[in-house]
Amino acid sequence: MERLKIEKTGQGQKVLESMYRTMEQRIGASPLGLCPVDMTLNFLRTCHAQSCGKCVPCRVGLGQLEKMIRDIAYGEADEEILDRIKETATVIRDTADCAIGYETAVMVLRGLDGFRDDYLEHIRYGRCSYETRQSIPCTAACPAHVDVPGYIALIKAGRYADAVRLIRKDNPFPGVCGYVCEHPCEERCRRSLVDAPINICSLKRYAVDHAGEVPAPACQSSTGKRVAVVGGGPGGLTAAYYLSLMGHKVRVYEQREKLGGMLRYGIPDYRLPGSVLDSDIANVLATGVEAWVNINVGEDVSVDELKSEFDAVYVSIGAHDHRQLGIPGENGKNVISAVEMLRDVGSGKAPDLRGRTVCVIGGGNVAMDATRTSLRLGASKVTTVYRRRIEDMTALPEEVHEAQIEGARIMTLHAPEHIELNDEGEVTAFWAQPQIISAVDRGGRTSVRAADTKPVRIPCDYVIVAIGQSIHSKPFEDTGMRTKRGAIEAELSSFVPGSGNVFAGGDAVSGPATVILAVAAGKVAADNIDSFLGFHHKIRCDVEVPDPSMSNMPPCGRVVLKGREIDRIDRDFALVTMGMSDEEAYQECSRCLRCDRFGYGLFRGGRKLEW
């Protein structure tokens, strides 16, 4: 007689679970430029299949939504159908018994608002308005659109110098990006469908480390035009590099004594060796770019003077100002900004933290750099305080992991309350209010609120603030340029409306961002400044990319860089991660699916030889 019995997962359910995982990987690796109407239709079909069918909103309503969106996709609808879709989805959202119907309806409504123009394009013309030519996923996801499959193929062939040349066609900082790029290209790598994304960033580093000195390409004939670039960081130097290759005379104005911007004064040597940065900058200067350092635009020379002296001006200042906590005690002694501390370290004026306890406030990459740098400056204990969860940190996961390995304590779900000072105004403790996880905001990020408990006292000698950076835009505001929240307002072409001949990009427009976004902004600015000056130069690279081999590459693990063992971290600013071995690099290159030739590249755009 049977009553209860041990349940085992059936073979069919096991296979279905594996299919779920495969679909999750497939969605994560979706290339940019897919038709949003088509994707909505297929997501809707999946959601409908999940429904139990017991309530009318799911059983009938989702089917009706599916039919209406299918009619749009196949060009069999008129514009009035959009109102019916909205009404139907709203009813489902308000009456569905469970989250399947509710969330599906919300998804459809979000799409109606987010890409309504594409719905109309399908209805009126029977076509999709989204981009289809730039379809190599990694190249499309890279803000600078670097030819990733091309240089990986060159690395596999042992042609490291050619790989660097190909990278420089779109990004003059291959060394820097090989060490510190946030590699958005890997998020869209189609190898994820098989096993895991290719370690693209580390392969770039391998190419640079093995290429030796690669001369800069020859510049085109002189145009007689002169361009001023304000800011010697990655964005400004990128624009200067390509404008110089186009034949224009370029002068860079840099506020500090050396070029590099936040690359030099914000990223520590254990992540980005100075020699790597210097090599990339030397290549930029080798094209004939003129650099004037220790020049503060707005004081030593006015913006109006630059506008009158040069044919065009590109403003690419970095986010070097820090944001304040806005709590009592933050003006006390030994309360410093992470930006200032890292700048001092980059200038050789590092503070002495030996034997001191330090609290770092923030959860981004700058906070992690300040945390790990404090340990190297001799701090006996470093606590990073962050108001959200560790998975909510904007810092790269590997940076957080390495900080913990090196001995830092990550204290999450604690928000700044006040800083305790002694009679001399020196820091004695940091007080933090415990937080509790709360509602999810419209952007999908989980918010926090104060927990019903008392603030926590964290004894410390230093408080380092790393909660964000801002732009010093006043000299440009004074000339009539419009700003929004401190950032210069510019068109997508980088032109600043009403300025006459001024362009702006990078952090100066977007606020604090990544290296590769600054490079991309500089590339866009160079192209549009060239057009503004009356030319249409092309940047190209004549390196021939090898044809792919016809060999099969079965599922294989991703090569991950190993960390150097650190016996004593005090004053140890040597590079932390070790590069790939020859064997590892060849294996990782062999995992590339060569999307530039198979599946997408040849049929829908493929390789761009010039821009």
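The values are calculated or read from the model by the stated rules, or taken from the named source; none is laboratory data. For clarity, every value in this text was computed on a predicted model and none was experimentally measured. Cβ coordinates were reconstructed from backbone atoms using ideal geometry, including for glycine residues, and neighbour counts include every protein chain displayed. The accessibility values were calculated without ligands, DNA or RNA, using every heavy atom of the protein model including side chains. Shrake-Rupley method; radii C 1.70, N 1.55, O 1.52, S 1.80 Å.
Results, tabulated for the structure shown:
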read-out: In region 241-299, the residues that are more than 21 Å from P512 (Cβ to Cβ), aromatic (F, W, Y) and part of a helix (DSSP H, G or I); value: Y241, Y242
read-out: Within region 25-74, considering residues that are of a type in the set (K, R) and touching a residue at least 24 places away in the same chain (Cβ under 8 Å), the one most open to solvent (accessible area, probe 1.4 Å); value: K54
read-out: The listed residue being more than 23 Å from G443 (Cβ to Cβ), out of contact with any helix residue (DSSP H, G or I) (no Cβ under 7 Å at 6 or more places or on another chain), open to solvent by 60 Å² or more (accessible area, probe 1.4 Å) and at pLDDT below 90, out of R127, R133; value: R133
read-out: Number of positions in region 199-256 that are among the aromatic types (F, W, Y) and in contact with a Phe, Trp or Tyr (Cβ under 7 Å, 6 or more places away or on another chain); value: 1
read-out: Failed condition for D118, given (1) more than 24 Å from R442 (Cα to Cα); (2) surrounded by 13 or more Cβ atoms within 10 Å (Cβ to Cβ); value: (1)
read-out: Contacts under 8 angstrom Cβ, first residue in region 395-408 being closer than 11 Å to L375 by Cβ and open to solvent by less than 20 Å² (accessible area, probe 1.4 Å), partner assigned to a helix (DSSP H, G or I) and not acidic (D, E), 6 or more apart; value: A403/M368; A403/T371; A403/R372; A408/T371; A408/R372; A408/L375
read-out: Pairs, first outside any loop (DSSP other than H, G, I, E, B) and modelled with pLDDT of 95 or more in region 441-460, second open to solvent by 50 Å² or more (accessible area, probe 1.4 Å) and of a type in the set (F, W, Y), C-beta under 8 Å, six or more apart; value: V456/W431; R457/W431; I458/W431
read-out: Residue among A312, A370 that is of a type in the set (A, V, I, L, M), more than 29 Å from D570 (Cα to Cα) and surrounded by 24 or more Cβ atoms within 10 Å (Cβ to Cβ); value: A312
read-out: Region 329-339, subset among the small types (G, A, S) and part of a loop (DSSP other than H, G, I, E, B), residue nearest to I267 (Cα to Cα); value: G332
read-out: Members of region 464-489 found to be farther than 29 Å from A367 by Cα and open to solvent by 30 Å² or more (accessible area, probe 1.4 Å), listed by number; value: E477, D478, T479, G480, R482
read-out: Among the residues listed as R571, R594, R564, the single one being in contact (Cβ under 8 Å) with a residue 12 or more places away in the chain, more than 23 Å from the chain's Cα centre (by Cα) and open to solvent by 90 Å² or more (accessible area, probe 1.4 Å); value: R571
read-out: Matching entry among V545, V502 (being of a type in the set (A, V, I, L, M, F, W, C), out of contact with any Cys (no Cβ under 6 Å at 6 or more places or on another chain), surrounded by 20 or more Cβ atoms within 10 Å (Cβ to Cβ) and under 27 Å from K249 (Cα atoms)); value: V502
